[in-house]
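The values are calculated or read from the model by the stated rules, or taken from the named source; none is laboratory data. Quick caveat, the model's predicted, so the values are computed rather than measured. Reconstructed Cβ throughout: ideal geometry from the backbone, glycine too, with neighbour counts over all protein chains shown. Side chains included, ligands, DNA and RNA excluded: accessible areas come from the protein's heavy atoms. Shrake-Rupley method; radii C 1.70, N 1.55, O 1.52, S 1.80 Å.
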Amino acid sequence: AWTGKDFRFRKRVWLLTKCPSICPFCARGCNTFLDHEKGTAYRLRPRENDAVNKSWLCDEGRLAYRAINENRLDRALIREGGGLKELSVEAALSQAVRLIRDFHGKVLGAVSASASLEEAESFKKLLAGLGAEVVCFRRREGKDDFLLRKADRDSNRNGMAKLGIDRPVGDAIVKAELVIALESLYSEGIAGAAGRKMVALSPKRSELVESATIALPISAYAESEGTYINSQGMAQKFYPAMRLKEDAQPGAKMIRELGKKLGVEI
């Protein structure tokens, strides 16, 4: 029988919890099963949906489970003395509020095109309450196999367009002195963000987080509920398969908490 080299001999299948999910690795939105045990994801498998992926899943999608386990941001961080130091989420939110107020009128919001519809909608309301613009940042395009895998590597670009968040970062970042960034598990950074003050909401220790002033830990798709609108315009819901990592919170909840402290109703 065919067995996956990446999974073989690592875990007995009967020990795993099987949860339905949606692959966020490209705009196809393949239906999957996420198999996990004790806070560790072990594999992603295709889940049959004739309208989307039939019973298939590409190799990249199968191996995308690794990011759920690796290099995750599970504690809030603040920059001090040239490095990043851990602190409580409550303290980090308070520090973020002070920073945002210091740069009132010079703030730009940037959201990953792979963020969920619910995260992006909350983020847009937060930035609207601050009188700031929201732009969208994307992953580099891949190869389209014209059967399953899409060249568009973002899982929710149609969702961003539905919310009116379809302007790319471009030169909007030039005038910004503070960037509030909402990342996703597979996002790849923001061009021109280096050297600016930044509040980053992220599920991973990314390049953005490493250069951020304050970083707030949020859940990945595997630990939260949300919606992606795929390349066919189909809205697909996903639900929490795993527990939150340490101090991380669902993205929409973290945004609401930040808005509450800023006096912005979301």
Counting only residues in the stretch 58-87 that are in contact with a Lys or Arg (Cβ under 7 Å, 6 or more places away or on another chain) and without any contact (Cβ under 8 Å) to a residue 40 or more places away in the chain, the one nearest to Glu223 (Cα to Cα) is identified as Tyr65
For the stretch 207-228, check the following and say yes or no: at least one residue is part of a strand (DSSP E or B), touching a helix residue (DSSP H, G or I) at 6+ places or on another chain (Cβ under 6 Å), over 22 Å from Leu93 (Cα atoms) and open to solvent by less than 30 Å² (accessible area, probe 1.4 Å).
yes
Within the stretch 27-104, helices (runs of 4 or more DSSP H) holding 1 or more residues that are closer than 30 Å to Lys261 by Cβ:
66-69, 89-102
Taking Leu262 as the residue in question, decide whether it is aliphatic (A, V, I, L, M), farther than 14 Å from Glu118 by Cβ and buried (at least 18 other Cβ atoms within 10 Å of the Cβ).
no
Residue that is nearest to Lys85 (Cα to Cα) [pool: residues in the stretch 37-57 that are open to solvent by 50 Å² or more (accessible area, probe 1.4 Å) and in contact (Cβ under 8 Å) with a residue 12 or more places away in the chain]
Arg43
Per the list (1) open to solvent by 30 Å² or more (accessible area, probe 1.4 Å); (2) farther than 20 Å from Asn49 by Cα; (3) touching a residue at least 40 places away in the same chain (Cβ under 8 Å); (4) not in a helix (DSSP H, G or I), residue check on Glu141 breaks on (3)
In the stretch 63-86, what residues are open to solvent by less than 40 Å² (accessible area, probe 1.4 Å) and within 30 Å of Glu37 (Cα to Cα)?
Ala64, Tyr65, Ala67, Ile68, Arg72, Leu73, Ala76, Leu77
